[in-house]
1. When you look at LEU35, is it among the hydrophobic types (A, V, I, L, M, F, W, C), modelled with pLDDT of 85 or more, loosely packed, with under 10 Cβ neighbours inside 10 Å and more than 21 Å from LYS6 (Cα to Cα), yes or no?
2. Output the residue which, of all residues in the stretch 1-29 that are at pLDDT below 85 and surrounded by 10 or more Cβ atoms within 10 Å (Cβ to Cβ), is farthest from VAL58 (Cα to Cα).
Amino acid sequence: MPHIQKGGENFTEVARALDGTSDRVKILNLEPGDLQIFRGRYSLLRVAPLLGERARYVAIYSYVEEPNMVGAPERTMQLYGRTLPIHHERAGQRADAYID
């Protein structure tokens, strides 16, 4: 669901997406080997279970809008499986209050 959380968490629309009552859900018909790039910061994404022998590779591109910003320790651990001291030193320095 593109831009579902632009301007706020939008828990009501997220709940509608999860219970299947939202008309904003987009389903992509992807084939093995397809490359999908999307701007995910304000989007809700659900991925189908992986079937078959082919591995699924996920690359997560990220950027910061302000100098010296780094990922939140919790989210960095979720994505990369580790954190560095700088993640803890700069925890809380972000441009929004979204729940990751």
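1. On the way: among the hydrophobic types (A, V, I, L, M, F, W, C): yes; modelled with pLDDT of 85 or more: yes; loosely packed, with under 10 Cβ neighbours inside 10 Å: yes; more than 21 Å from LYS6 (Cα to Cα): yes.
So LEU35 fits the description; yes.
2. At the first step, the residues of the stretch 1-29 found to be at pLDDT below 85 are 1-8.
With surrounded by 10 or more Cβ atoms within 10 Å (Cβ to Cβ) added as a condition, the list becomes 1-6, 8.
Numbers: MET1: 19, PRO2: 19, HIS3: 21, ILE4: 22, GLN5: 22, LYS6: 24, GLY8: 26 Å.
Among residues in the stretch 1-29 that are at pLDDT below 85 and surrounded by 10 or more Cβ atoms within 10 Å (Cβ to Cβ), the one farthest from VAL58 (Cα to Cα) is GLY8.
The values are calculated or read from the model by the stated rules, or taken from the named source; none is laboratory data. Because the structure is a prediction, the values reported are computed rather than measured. Every residue, glycine as well, gets a Cβ built from its backbone with ideal geometry; the counts of neighbours run over all protein chains shown.
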